[in-house]
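Colleague: My structure is below; once you've seen it, I'll send some questions.
The values are calculated or read from the model by the stated rules, or taken from the named source; none is laboratory data. These figures come from a predicted structure and were not determined experimentally. Positions of Cβ are generated from backbone atoms using ideal geometry, with glycine treated the same way; all protein chains shown enter the neighbour counts. Quick note on the areas: whole protein, heavy atoms, side chains included, nothing else; ligands and nucleic acids left out. Shrake-Rupley method; radii C 1.70, N 1.55, O 1.52, S 1.80 Å.
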Amino acid sequence: MKQRTIAKEVEIVGIGLHKGVPVKMRLEPLDSDMGIIFYRVDAGVTIPLEIANVVDTKMATVIGKDDVVVSTIEHLLSAVYAYGIDNLRVVIDNDEVPVLDGSSSGYCMLIEEAGIKELDKSKKAIKVKKEVEVTTPEGKRVCLKPSNHIVYDFKISFDHPSIGEQNFHFDYSIAEYKENISRARTFGFLHEVQYLRSVGLAQGGSMENAIVLDQSKVLNPEGLRYTDEFVRHKILDAIGDMALLGYTLVGEYDAVAGSHHLNHLLTKELYKDPENYEIIDLEEASAEAEVFELAYSKVEI
């Protein structure tokens, strides 16, 4: 099991969800042990993907350095993480990653267009050794549990006829991610969108890049891609947020009404105590390496 990057540069132009302005973004290969790095070419600032660089988690996951930020990184990172890419430079000319259609499927296609290149050094992963969790008084909870597999479980409950209570269990593989997670779009309620626009946010949001609901129904004329698209998108977001760990996760993520903010607190909680985790070398850890080999094997890139 070797570290991965992309085989060639690829570029995309889109709009940011909140600012609604055009953004040009380029993905570039990096060598082993360089990690995921964002570079704001307009400001000349490099922002490594690290927990310490997270500056906001209210509406999206935002990283920053020297008063320069890159916002709404979770959909891109979800695809990057799902494809097992360890090293990548994201060059961007504005402060927000393009929203595309509100899912990560466009980023999956971009990665497949670039191709995947194996590097010379062995791949590492972070394995959960002790259960850690973050809870709120309202009953929200996010948790990481020990497991030899990579599993995401999510439960949501909304008092809305189009959502209600939804659960989804995701056993990680690239093929399953593409089929069952990547196409799930972000969603919002019409009254929330109207408020966000009044305070200068969601300027790029539309039914072209989000599921929009009024008090009783989905407003998008094409309807839903899955009956439980809402909870699937929550898993998409969680996978992107776990990329902040800096290594692919081996363990079980479990959430009830989780959020970007709780996911950020969970990554910090895991790293609080070295007894909670171990960094494993997948060329030495044969059982865990087999999990990744199976997860990667069904997709030709």
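Colleague: For residues in the range 46-67 being open to solvent by less than 20 Å² (accessible area, probe 1.4 Å), part of a strand (DSSP E or B) and hydrophobic (A, V, I, L, M, F, W, C), which is farthest from Pro98 (Cα to Cα)?
Modeller: Ile47
Colleague: Working only within the range 1-45, note down all residues that are surrounded by fewer than 16 Cβ atoms within 10 Å (Cβ to Cβ), without any contact (Cβ under 8 Å) to a residue 60 or more places away in the chain and either under 19 Å from Ala114 (Cβ atoms) or in contact with a Cys (Cβ under 6 Å, 6 or more places away or on another chain) (or both).
Modeller: Hits for the range 1-45 are Glu11, Val41.
Colleague: Something else now. Return a yes/no flag: does the range 220-228 have any residue that is surrounded by fewer than 23 Cβ atoms within 10 Å (Cβ to Cβ), among the charged types (D, E, K, R) and within 18 Å of Lys155 (Cα to Cα).
Modeller: Among the residues of the range 220-228, at least one is surrounded by fewer than 23 Cβ atoms within 10 Å (Cβ to Cβ), among the charged types (D, E, K, R) and within 18 Å of Lys155 (Cα to Cα), which makes the answer yes.
To keep it simple, each residue is scored yes or no on (1) surrounded by fewer than 23 Cβ atoms within 10 Å (Cβ to Cβ); (2) out of contact with any Phe, Trp or Tyr (no Cβ under 7 Å at 6 or more places or on another chain).
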| position | (1), (2) |
| --- | --- |
| His233 | no, no |
| Gly251 | no, yes |
| Ala255 | no, no |
| Leu265 | yes, yes |
| Asp273 | yes, yes |
| Ser286 | yes, yes |
| Phe292 | yes, yes |
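Colleague: Further, regarding this structure: Name the pairs whose Cβ atoms lie under 6 Å apart, with the first residue in the range 272-297 and in contact (Cβ under 8 Å) with a residue 12 or more places away in the chain and within 19 Å of Tyr81 (Cβ to Cβ), the second buried (at least 17 other Cβ atoms within 10 Å of the Cβ) and among the polar types (S, T, N, Q), and 6 or more positions between them or separate chains?
Modeller: Hits for this filter: Ala295/Ser173.
Colleague: Next question, about the same structure. Any chance the range 160-173 includes a residue that's out of contact with any strand residue (DSSP E or B) (no Cβ under 6 Å at 6 or more places or on another chain), among the aromatic types (Phe, Trp, Tyr) and modelled with pLDDT of 95 or more?
Modeller: The answer is no, given that none of the residues of the range 160-173 is out of contact with any strand residue (DSSP E or B) (no Cβ under 6 Å at 6 or more places or on another chain), among the aromatic types (Phe, Trp, Tyr) and modelled with pLDDT of 95 or more.
Colleague: Restricting the range 75-106 to residues that are assigned to a helix (DSSP H, G or I) and either aliphatic (A, V, I, L, M) or free of Cβ contacts under 8 Å to residues at least 60 places away in the same chain (or both), which is nearest to Leu30 (Cα to Cα)?
Modeller: Among those residues, the one meeting the criterion is Val80.
Colleague: Does Asp153 satisfy being crowded, with 16+ Cβ neighbours inside 10 Å and of a type outside the set (Val, Ile, Thr)?
Modeller: Working: crowded, with 16+ Cβ neighbours inside 10 Å: yes; of a type outside the set (Val, Ile, Thr): yes.
Considered against the rule, which asks whether it is crowded, with 16+ Cβ neighbours inside 10 Å and of a type outside the set (Val, Ile, Thr), Asp153 comes out as yes.
Colleague: Does Leu219 satisfy being more than 16 Å from the chain's Cα centre (by Cα) and within 15 Å of Thr186 (Cβ to Cβ)?
Modeller: Yes: the conditions hold for Leu219.
Colleague: Does Lys178 satisfy the criteria of being part of a helix (DSSP H, G or I) and over 16 Å from Met59 (Cα atoms)? Write out each step before concluding.
Modeller: On the way: part of a helix (DSSP H, G or I): yes; over 16 Å from Met59 (Cα atoms): yes.
Answer is yes for this residue.
Colleague: Go through the range 179-214 and give me each residue that's over 30 Å from Tyr296 (Cα atoms), polar (S, T, N, Q) and in contact (Cβ under 8 Å) with a residue 60 or more places away in the chain.
Modeller: Gln203
Colleague: While we're on this one: If Lys140 satisfies all but one of (1) open to solvent by 80 Å² or more (accessible area, probe 1.4 Å); (2) over 20 Å from the mean Cα position of the chain (by Cα), what's the number of the condition it fails?
Modeller: (2)
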